[in-house]
Amino acid sequence: MGKLSIDHLEMQGKNVLVRVDFNVPLDENQNVRDDFRIRAALPTIQKIIRDGGRAILCSHLGRPKGKPVATMSLKPVAEKLAQLLGKPVNFTTDCIGPKVSQLKKSLQDGDVMLLENLRFYAEEEANDPDFARSLAENCQLYVNDAFGSAHRAHASTEGVTKYFRKSAAGYLMEKELKYLGDTLEKPERPFVTILGGAKISGKIDVISHLQNKADYLLIGGGMIFTFYKAQGKEIGKSLLEEDRLEMAKDILQNFQSSRCKLVLPEDVLITDKVESGARTQVVDVDDIPAEGIGVDIGPKTIDTFSGILKNSRAIVWTGPMGVFEIPEFAKGTENVARLLADLTAQGVTTVVGGGDSAAAVKKFKLTDQLSHVSTGGGASLEFLEGKLLPGVAALTDA
Ligand code: AMP
């Protein structure tokens, strides 16, 4: 079911509590190193200002473990946000309590306030009802724009909604739900999914869910070697999850009678050391030498994957094809990313599900050339597992 949109709230003269994801990296001088997440929340904040509401923003930053930690203050974020909005942002040195409550009351229409780091209180992650009530105090509406935190039932994402008659999705949240949700639920076909990353563990539910939805599942990354081992192949010193061999066998067996076609690489790039400048060689997956370490998909595989992708209408990708952090091992990941950008220009829907693949796409400066790159790592993975996210479920139905 769809969720209430910020577009359907009457915000004039109201205090709107907004859960944003301002968990941004700070440098050693406490300056914001990357403002991507702050920029991503601007459309929602600007909408509240335009409508004459008062935006009261709350977020976590880092893992302060329930205590105030000076290096994890949101103050630098307030300064950056003020720059980006071109107007002052009232920063409060606490996120709950009588003083904050009073300050909320003194806001004027169009004002913006940012509360201090929610995780300075252990009650936030414990989803404590009293803490949630204090957050909601003197606010009349709630908006969640923090997709990246929606997979956790915390006070600011789930508990707080019990104190509001209307809880709506902000624009960023809506975009995430539209692209991840719609692409999985009613994809144009052929619908191709690409899965990579280091390990099978943690991805098994993603594999089963995608198998039920997609026409193809292309697999790259470190996890392929556990599959090859399960098939009895020599994998040299490549990444192996011994304890997942049975699981890998089951998955391979399962796909034999599946409508979704599983495609594993036919060749790989191997090296003798996982470092820049090391010797590399392309080999067929049946010819991996005993000393070889597989670090990327090979050129034949890139061609095969490209052929399937070029015939698709919708693509969801999560997890890099190789150790993309090292330039010599990044070709597979870069080729997939570039092809997805070209296909997007031709009208194919392309969605990248957070985490390392989002980092890879960013590294190749292609983020703006895909239909959607998710801002949520863990949240997008849970979405791809088919789970209902508590922070989404708690919003008012449309
Ligand atoms: P994940 O968090 O499971 O999505 O894994 C992402 C990580 O997988 C990245 O840091 C990649 O360097 C790593 N990775 C990708 N391919 C391989 C490989 N063949 N061997 C080892 N690690 C890999």
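Values in this text are rule-based calculations from the coordinates and carry no lab data. If you're wondering where the values come from, they're calculated on a predicted model, not measured in any experiment.
Some values worked out for this structure:
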| read-out | value |
| --- | --- |
| Whether the range 187-384 is rounded, prolate or oblate, judged on the alpha carbon gyration tensor where a/c under 1.5 counts as rounded | oblate |
| Degrees separating the helix 331-345 axis from the principal Cα axis of the chain, which is the longest one | 60 degrees |
| Rounded, prolate or oblate (a/c below 1.5 giving rounded, otherwise prolate when a/b exceeds b/c) for the range 6-174 by Cα gyration tensor | rounded |
| Extension gain, residue 275 back to residue 249 (0.36 nm per residue minus Cα-Cα distance, nm) | 6.3 nm |
| Residue 373 long-range amide H proximity, modeled H, under 5 Å | 352 |
| Over 28 Å (Cα to Cα) - which of 233/261; 175/229; 203/331; 178/203 fall in this group | 175/229 |
| Estimated [θ] at 222 nm from DSSP helical runs (n ≥ 4, -39500 (n - 2.57)) normalised by residues in the chain, nearest 500 | -9000 deg cm²/dmol |
| Crossing angle, helix 204-213 versus the chain [Cα axis fit, 0-90 degrees, rounded to tens] | 90 degrees |
| Largest-first ellipsoid semi-axes for the chain, taking √(5λ) over the Cα gyration tensor eigenvalues, angstrom | 42, 22, 19 |
| Net lengthening on full extension, residue 10/residue 79 (0.36 nm per residue, minus Cα-Cα) | 22.0 nm |
| Cα centroid separation, the range 352-398 to the range 58-88 (Å) | 22 Å |
| Whichever lysines have a C-alpha closer than 19 Å to that of residue 80, once near sequence neighbours (fewer than 8 apart) are set aside | 47 |
| Between 0 and 90°, nearest 10: helix 36-50 axis offset from the chain longest Cα axis | 40 degrees |
| Cα Rg over Rh - the range 292-364, Kirkwood | 0.96 |
| Amide proton proximity set for residue 18, modelled H, under 5 Å, gap of 5+ | 56, 57, 58, 143 |
